[in-house]
Amino acid sequence: MADDHEPKNPILVTEVHLQLTRRPPVLAYVSVTLWGCVAIHDLRLLERHDGTRVVLMPRQQSSDGTWSTIAHPVREDVRAEIERKVLYSYSRATAGREAAADKKRAATEARGVPVTEPAAEPVPDPIAVRAAEV
């Protein structure tokens, strides 16, 4: 007998929309579309202190101040696929921005002007959510 929880089709992330930020630790706000017919909005891509990146599912705050997740994958393989696609999309979206910053930095250094990077302010670790290995 087949497992009723086993999907007929593997997870298919058909679209990823990123809104990049300049406010660490949030790198981007994300919307994903699954199978071209289900959209999940308000995911967040965060970078932790150790440099790992994690996709957090959307959540909302109740009137008593507690937070609860409003949508999340039930299966680990679905979560891993969403994280993989979001991380891939982020790396593609930021590749041009990082290349432009490197070019500007090289031009500044060529003129003999030292380049210093602003120090990132420490931020508390986000809610404990496991980051998938990609």
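When the range 1-34 is filtered for residues that are in contact with a Ser or Thr (Cβ under 8 Å, 6 or more places away or on another chain) and modelled with pLDDT under 90, nothing remains.
The single condition among (1) farther than 23 Å from ARG22 by Cβ; (2) modelled with pLDDT under 90; (3) exposed (fewer than 14 other Cβ atoms within 10 Å of the Cβ) that ALA132 does not satisfy is (3). The set of residues from the range 27-47 being more than 18 Å from PRO73 (Cα to Cα) and touching an Asp or Glu at 6+ places or on another chain (Cβ under 6 Å) comprises just one member, LEU27. Entry remark, the range 35-47: residues being modelled with pLDDT under 95 and not hydrophobic (A, V, I, L, M, F, W, C) number 1 in total. With respect to being more than 18 Å from TYR88 (Cβ to Cβ) and surrounded by fewer than 16 Cβ atoms within 10 Å (Cβ to Cβ), PRO10 falls outside the description.
The values are calculated or read from the model by the stated rules, or taken from the named source; none is laboratory data. What you are looking at is a predicted structure, and each value in this text was computed from that prediction instead of being measured. Glycine also receives a Cβ, built like all others from the backbone with ideal geometry; neighbour counts cover every protein chain displayed.
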